[in-house]
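A short write-up of the structure that comes next.
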Amino acid sequence: MVRSVNVELLTENIKEMCIQANHYLAPDMDKAMKEAHERETKPLAKQILGQLLENLEIAGEDMIPICQDTGMAVVFLKIGQDVHFEGGSVEEAVNEGVRQGYAEGYLRKSVVGDPLLRVNTKDNTPAIIHYELVPGDKVEILVAPKGFGSENMSKIHMLKPADGVEGVKEAIINTVREAGPNACPPVVVGVGIGGTFEKAAILAKKALTREIGTHSELPHVRELEEELLAKINEIGLGPAGLGGDTTALAVNINTYATHIAGLPVAVNICCHVNRHIVRTI
């Protein structure tokens, strides 16, 4: 049976989600940051983590953005195939939600309409929208505003199959090492392995939104996540790049089938706020 959903529901929810994601740390990130502070053994790193936690607390209490870079809005829509949208365009409704959220939340407008001409659109639109059709009559909305300090440190590596798992590890670790302090560590590392050039990048982006502390259902991928987190933290970059035990809070890996001649690896780094929020309508 078909369920009708007015696109105004998308607009209203996305507006609220943009504001919430930019003012309040996601529960999984809050837990991960507090645990990192507790186990940090280096005095300066522990102090920095304490200051970051204090900043996050003040942001929530005073309704101040948790970071001045309030990001480009990335929206994942998981749409039940029994849903019929009415009342207008889905894309326009999503962008209207972003527009209203960034205006009413007094969030920085960080989007330029053309990458070469560089004129600000003044409302933080357009958003980056990813659509997925699934069984059912619900719509899952995931909003993940992405700042570009960490986005600029992300990379895609088109490896050869002969590079193997060791080549994959090297690509991921080197990407984090080369990012240095620019990605505002401690970071979350989203990794996409497989697919094609663009599929790997989307896998990596989505991996950033997975709850911190959860792992891939594939045993060999889970082992890789745990190994890479340990090796990245051994780099010693630490909070704000000033040394310490905590360079990364998590390494989340998504995989997909790929071509016999390829081994794409995308590494999408996110800073310690790693904004993401999910609702289902």
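For the range 33-50, how many residues are closer than 14 Å to P185 by Cα, of a type in the set (K, R) and surrounded by fewer than 17 Cβ atoms within 10 Å (Cβ to Cβ)? Going through the range 33-50 one residue at a time, the tally reaches 0.
Among the candidates L159, L203, L218, L133, the residue that is surrounded by 18 or more Cβ atoms within 10 Å (Cβ to Cβ) and at negative phi is uniquely L203.
A93 satisfies every condition listed in (1) assigned to a helix (DSSP H, G or I); (2) touching a residue at least 40 places away in the same chain (Cβ under 8 Å); (3) more than 25 Å from E16 (Cβ to Cβ) except (3).
So that you can scan it fast, the table gives a plain yes or no per residue for (1) β-branched (V, I, T); (2) assigned by the TED database to the domain that holds V267:
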residue: E132; (1), (2): no, no
residue: P181; (1), (2): no, yes
residue: I202; (1), (2): yes, yes
residue: L208; (1), (2): no, yes
residue: P219; (1), (2): no, yes
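Only one of the listed residues (V168, V267, V189, V221) is closer than 25 Å to T41 by Cβ and either more than 14 Å from the chain's Cα centre (by Cα) or in a strand (DSSP E or B) (or both). That residue is V189.
Taking each residue of the range 268-281 that is closer than 25 Å to G80 by Cβ and looking for partners that are open to solvent by 30 Å² or more (accessible area, probe 1.4 Å) and of a type outside the set (D, E) with beta-carbon atoms closer than 6 Å, six or more apart or interchain, yields I277/Q20; T280/K138; I281/L9. Summed over the range 67-85, residues that are modelled with pLDDT of 95 or more and either over 30 Å from G136 (Cα atoms) or basic (K, R) (or both) total 4. In the range 55-87, the qualifying residues are those that are touching a residue at least 60 places away in the same chain (Cβ under 8 Å), open to solvent by less than 50 Å² (accessible area, probe 1.4 Å) and small (G, A, S), and the one that is nearest to R279 (Cα to Cα) is G80.
The values are calculated or read from the model by the stated rules, or taken from the named source; none is laboratory data. No experiment lies behind these values; they were computed from the predicted model shown. All Cβ positions, glycine included, derive from the backbone under ideal geometry; neighbour counts span all protein chains shown. Just the protein is used for accessible areas: all its heavy atoms, side chains included, with ligands, DNA and RNA removed. Shrake-Rupley method; radii C 1.70, N 1.55, O 1.52, S 1.80 Å.
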